[in-house]
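The values are calculated or read from the model by the stated rules, or taken from the named source; none is laboratory data. These numbers were taken from a predicted model, which means no experiment stands behind them. We place every Cβ from the backbone using ideal geometry, glycine too, and count neighbours over all the protein chains shown. When the accessible area is computed, the model is the full protein with side chains, heavy atoms only, and any ligands, DNA or RNA have been set aside. Shrake-Rupley method; radii C 1.70, N 1.55, O 1.52, S 1.80 Å.
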Amino acid sequence: MNFTIGSIKCFTQERNEIQREAVKHGYVIILGKSIDKVLGFGKNDSKRSQMLVQITGTLRNLANDDDSYSRMCKSKVVQKLIQVLEKYNSPTNKELMQNISRVLSKVSLDSECSKAIIATGKLRFLADLLCDWQHQTLFVQRIAFVLANLTTYFDEAREQIGTADQVKKIIAVSLYFFETDQQFYEDELRNQGRDFSPRTADKIANQARVVEDTLVKLIRLVANLSTEEQFIESITQSGEREMLNEFLTWMVSTLQRKKIGKSEEFILNSVSCATNLLFYDTPSKEVMFDEDLRIKIFKAVKMYVLETTNEELQIEAVRVLSNLSRHARLCEEFVTDRQFIEALILILDHTLRELVFYTIGIIINMTMHDSPRAKLCQQQPLLVSKLTDVLKDANIEDMDLAKVAGKALHNLAVCTKQEGATFSWSSEQIKRLDEIVTNLGEELDSIMDVANEEELEEIKGIRDLVNALINDMPENTFDCPDAKCGRKFKNQGELDKHVQRRHGSVK
């Protein structure tokens, strides 16, 4: 049996057409039955392990064909593989463990196979394997890939893993790989100028790539788990907040030295993970992360707002910044970075709606605090015009976007009326915005008669905002032409009377 299956493994190793034919002729089902036979065969674990190596190696080959997935589910091969994984979890069975990890990593891309893995109830066991086998990088990479795939799409998967003990183990393994990645980076710096053979140079580069790829899977897993509130609660309640801080600190430090051309997937997953973790870091809650770490995150992420063609990365970057902007101290940091603010204003012209929406969210948060709001008004007169453009384009077709644009404009309008304000909107800005909000108000009124109850609630919310904006918008003024005077008047007639009375004539 061992030699027969070994032969099948050899001739199905490379050619896709042979793998496809083997799947069509029921080899997956035969191999599934063979696992049952082997597990019930004799008492010699060593021989059983050798036969299982051949079976799982063959299944690894056949898993290259997508049609094998349904057959693996039907014959319960997925469940049997996890049973073998659990029974033969030992360093002496390294090849067997590696084979199974490769099969599971492939089938975890299939929805039905994913459900079968989850149904075993063994996800905590798989998470334990990350820790037990952390020095076997490829094994960790594949198991992390499986868990990341499952936790992306299935609530039950996140619930099975999301306990304090499991999460701590996953973070501990991640920290080990962050340190390993850092070591490769330091070695690369030390070895600059050394003349390695091409073979040695390729080997070192490949080892570094494998470590980075493993980190990508682990970071993605942590990001998925952190979409569940119980993830954060399990960490904070177990007194392991510092461990979470250490994870985020390492991730951000690593992110700062990675280059988009070589490590785009790492950067995207790291920024996405930071987004999820920072969601819980609100001013109203107990402090999750300290101010220095927040500023470090801002400096690491802000460049990806514009300096990439990856729109998914841009969106994740503005989501991170949106979460950070809930903190007044970070808003102060934002407004002192003129290039960053100019980048936000440029984004308001972007055609990607989600990117514009989150960017306006950052602006709203900045305008919630007196000092950053005043600095924003003073430094960026163009901001009002750009927000007005967004409001005009959104109109009633996109009420959510119109609402956030109107909210940002209202916050800026209120700022101009504060005592001691040294800035004002131009007459052109006021006139144009007045026309747009008036037209918007009229359109809202026209559809209220035909709107249902749910739609009326939405319309009322934006109509109230339009009314507030009309009431609080700066009024156009007529300035005295004498620069030393500085008086302002509501209309031309009052200005003319003032000039005649006080200045006689002004050149």
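Take the Cα radius of gyration of the chain and divide it by 2.2 N^0.38 Å, N being the number of residues; the result is 1.31. With angles folded into 0 to 90 degrees, how steeply does helix 27-39 sit against the dominant principal axis of the chain? Use alpha carbons for both and round to 10. The angle comes out at about 60 degrees.
Under 15 Å of direct C-alpha separation, and excluding same-chain neighbours fewer than eight residues apart, LYS431 reaches these aspartates and glutamates: ASP389, ASP472, GLU475.
Between SER446 and ASP389, the FRET efficiency from the beta-carbon distance, with R0 = 25 Å, is close to 0.65.
Applying 1/(1 + (r/R0)^6) with R0 = 35 Å to the Cβ-Cβ distance of GLN13 and CYS131 gives a FRET efficiency near 0.65. Seen from GLU354, the other residues with C-beta closer than 12 Å to its C-beta sum to a net charge of -3, counting Lys and Arg as +1 and Asp and Glu as -1.
In debye, nearest 20, what is the charge dipole magnitude of the chain about its Cα centre with +1 on Lys and Arg Cβ and -1 on Asp and Glu Cβ, if you could check? The dipole magnitude comes to about 2000 debye.
Taking each residue as 0.36 nm, the span from LYS484 to ARG190 lengthens on full extension beyond its C-alpha to C-alpha distance by 99.3 nm.
The slack between THR227 and VAL210, meaning 0.36 nm per residue of separation minus the straight C-alpha distance, is 3.5 nm. Expressed as a whole percent, the accessible area of the chain that falls on carbon and sulfur atoms is 48 (1.4 Å probe).
Straight-distance candidates among the aspartates and glutamates for linking to LYS76, with alpha-carbon spacing under 18 Å and chain neighbours fewer than 8 residues away dropped: ASP36, ASP65, ASP66, ASP67, GLU86, ASP110, GLU112. Helical content of the chain, expressed as a calculated mean residue ellipticity at 222 nm, amounts to -23500 deg cm²/dmol (DSSP H runs of 4 or more residues, -39,500 (n - 2.57) each, divided by residue number, nearest 500). Between ASP479 and PHE489, the built amide H atoms are under 5 Å apart, and every one of these is 5 or more places off in sequence or on another chain.
Think of a 1.4 Å ball rolled over the protein heavy atoms: the chain then has 49 Å² of accessible area per residue.
Can you work out the PRE-style zone for LEU346? Point 7 Å along Cα to Cβ, and I want the residues of region 239-270 with backbone N under 15 Å. Answer for this model: none.
Magnitude of the charge dipole for region 258-416, about its Cα centre and with charges confined to Cβ atoms of Lys, Arg (+1) and Asp, Glu (-1), is about 320 debye. Contact order, relative form, for region 1-154: 22 percent (alpha carbon pairs under 8 Å, 6 or more residues apart, mean separation divided by residue count). Taken along the Cα-to-beta-carbon direction at a fixed 7 Å, the label points for LEU306 and THR92 span 6.3 nm.
The relative contact order of the chain, computed from alpha carbon pairs under 8 Å that lie at least 6 residues apart in sequence, is 7 percent. In straight-distance terms, cross-link reach from LYS296 covers every one of the lysines whose alpha-carbon lies under 28 Å from its own, apart from those fewer than eight places away in the same chain; here that gives LYS168, LYS169, LYS217, LYS258, LYS259, LYS262, LYS285, LYS375.
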